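Colleague: Supplied in structure tokens, the structure appears directly below.
The values are calculated or read from the model by the stated rules, or taken from the named source; none is laboratory data. Since the model is a prediction, treat every value here as computed from it, not as a measurement. Here the Cβ positions follow ideal geometry from the backbone for every residue, glycine too, while neighbour counts run over all protein chains shown. All accessible areas refer to the heavy atoms of the entire protein, side chains included, with ligands and DNA or RNA removed. Shrake-Rupley method; radii C 1.70, N 1.55, O 1.52, S 1.80 Å.
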Amino acid sequence: MTAPLPALAPRLPSPLTEVADERFARRGVRLLLKRDDLIHPELPGNKWRKLTPNLRAALEGGHRTLLTFGGAWSHHLRAMAAAGRLLGLATVGVVRGDELADRPLNPSLAGCAADGMRLHFVSRAEYRRRHEPAWVAGLHERFGAFLALPEGGSNAAAVRGCAELGRELRGRTDVAAVACGTGGTLAGLAAGLAGTPARALGVPVLRGGFLGREVARLQREAYGRERGRWSLDERFHGGGYARVSPELAEFAEDFAARHGLPPLDRVYVAKLLHGLTVLAAEGAFAAGSRVTAVVTA
Ligand SMILES: *Cc1c(COP(=O)(O)O)cnc(C)c1O
């Protein structure tokens, strides 16, 4: 067994609770919430599942600095900064959009900075070069030795970490649905459910239609092949990452109030639950089935 990380001690398995929601009940569908938001106060949800295997490997490898990539509202950057503070590791965040360098930090980036993350703003054109060794060499010249984690923290170790989410749901649900950014969580969720009749459903919160390829690629990276049953419904991104319409905001407030939940994360969780509500109304789920929404934050 690998060393535990006391500062990141989790609450696992995360609670699974059924909620009475007439929009599902009228179709004979049971709605459950997988409360991954309760795993850890500072590294909630899928970020804990994705990052802890990587953080452990970093510490075991003797790394003192972690560098990663994200947009101005990236939850991953926020989680990495918090993890760095909790574990005493230095962190560098490479942020997409050099125009941001001259503006006051938004609350998300301000939180990263408060946790000690060094922010390095690059143009969108440069950001696209983040997989090129020559460009990364330039980052090493500037920041010295570091271990790099990909955007969203999605790599093979992260996918295998998220497979535990699927294993916790085996036999407990027919559909397991999750909001997707980079697809690593869905890749692991589906793998953890493989061999059961259950299927995983991903709701991308970004536009673009690139995610299916990514999920398959991440599974091959983690397991050498694709695993489990999964699909995407690309209709519920609401215009793009962190775009929140007044209707979605209202849906989120109403959903939390109905079920006595803390305010919903709007970037991911509200879009997922809204999507599931539409799908239920469309009759997409068989009567008698259990649909689990992963509350990732
Ligand atoms: C990062 C994040 C996701 C998306 O995870 P991916 O593995 O990138 O698809 C979903 N929900 C929340 C709350 C997140 O912070």
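Colleague: For segment 80-94, list residues with backbone N below 20 Å from a point placed 7 Å from the Cα of Trp135 toward its Cβ?
Modeller: Counting backbone N atoms under 20 Å from the label point, the list is 92-94.
Colleague: Select from Phe255, Phe69, Phe143 the residue whose mean-square fluctuation is largest in a Gaussian network model of the chain (Cα-Cα springs shorter than 10 Å).
Modeller: Fluctuation is largest for Phe143.
Colleague: In nm, what is the difference between 0.36 nm times the number of residues separating Ala125 and Arg142 and their Cα-Cα distance?
Modeller: 4.2 nm
Colleague: Over segment 1-122, give the accessible area per residue in Å² for a 1.4 Å probe, as an integer.
Modeller: That works out to 44 Å² for each residue.
Colleague: OK, next. Report the per residue volume, in Å³, of the convex hull enclosing the C-alpha atoms of the chain.
Modeller: 133 Å³
Colleague: Calculate, for segment 201-259, the solvent-accessible area per residue in square angstrom, rolling a 1.4 angstrom probe over the heavy atoms of the protein chains.
Modeller: In whole numbers, segment 201-259 has 56 Å² accessible per residue.
Colleague: Taking 37 °C and 0.692 mPa s as the conditions, I'd like the Stokes-Einstein D for segment 1-56 in µm²/s, using the Kirkwood hydrodynamic radius from alpha carbon pairs.
Modeller: Here the translational diffusion coefficient equals 251 µm²/s.
Colleague: Cut-off 10 angstrom, C-alpha nodes, Gaussian network model of the chain. Which of Arg78, Arg64, Arg49 fluctuates the most?
Modeller: Among Arg78, Arg64, Arg49, the largest mean-square fluctuation in the Gaussian network model of the chain belongs to Arg64.
Colleague: Let me ask something else about it. Modelled label-to-label distance, Ala57 and Glu253, 7 Å Cα→beta-carbon offset: nm?
Modeller: It is 4.4 nm.
Colleague: Mean separation of Cα pairs under 8 Å and 6+ residues apart, divided by the residue count of segment 164-265: what relative contact order is that in percent?
Modeller: It rounds to 24 percent for segment 164-265.
Colleague: Further question on the same structure: Restricted to Cα positions, what overall size does segment 142-285 have along the principal axes? Three whole-Å values, descending.
Modeller: Computed over segment 142-285, the largest-to-smallest principal extents equal 46, 45, 28 Å.
Colleague: Okay, next question. Roughly what angle does helix 184-193 make with the longest principal axis of the chain, taking Cα atoms, 0 to 90 degrees, to the nearest 10?
Modeller: 50 degrees
Colleague: For the chain, modelled as a Gaussian network with Cα springs under 10 Å, which listed residue fluctuates most, Leu232, Leu87, Leu51?
Modeller: Leu87
Colleague: Obtain the nm distance between the two label points defined at Arg243 and Arg172 by a simple spin-label model: each point lies 7 Å from its Cα along the Cα-to-C-beta direction.
Modeller: The modelled label-to-label distance comes out at 3.5 nm.
Colleague: Could you work out how far the C-alpha centroid of segment 242-287 sits from that of segment 93-150, in angstrom?
Modeller: 32 Å
Colleague: Between Arg235 and Ser289, what is the label-to-label distance in nm when each label sits 7 Å out along the Cα-to-Cβ direction?
Modeller: Placing both labels 7 Å along Cα→Cβ, they lie 1.4 nm apart.
Colleague: Stokes-Einstein diffusion coefficient for segment 87-188 at 4 °C in a medium of 1.567 mPa s, Rh from the Kirkwood formula over Cα pairs: what value in µm²/s? Working shown, then result.
Modeller: On the way: Rh = 16.1 Å.
After rounding, the answer is 80 µm²/s.
Colleague: Could you give the angle, 0 to 90 degrees to the nearest 10, between helix 156-169's Cα long axis and the longest principal axis of the Cα atoms of the chain?
Modeller: Value to nearest ten degrees: 20.
Colleague: So if each residue of separation counts as 0.36 nm, and I subtract the Cα-Cα distance between Leu38 and Glu22, what length gain in nm does that give?
Modeller: Full-extension gain reported as 3.3 nm.
Colleague: Right, another one. Where the Cα atoms of segment 1-99 are projected onto their three principal axes, how long is each span, largest first, in whole Å?
Modeller: 53, 44, 17
Colleague: Tell me what the chain gives for mean residue ellipticity at 222 nm when only DSSP H runs of n ≥ 4 count, each as -39,500 (n - 2.57), the sum divided by the residue total, rounded to 500 deg cm²/dmol.
Modeller: -12000 deg cm²/dmol
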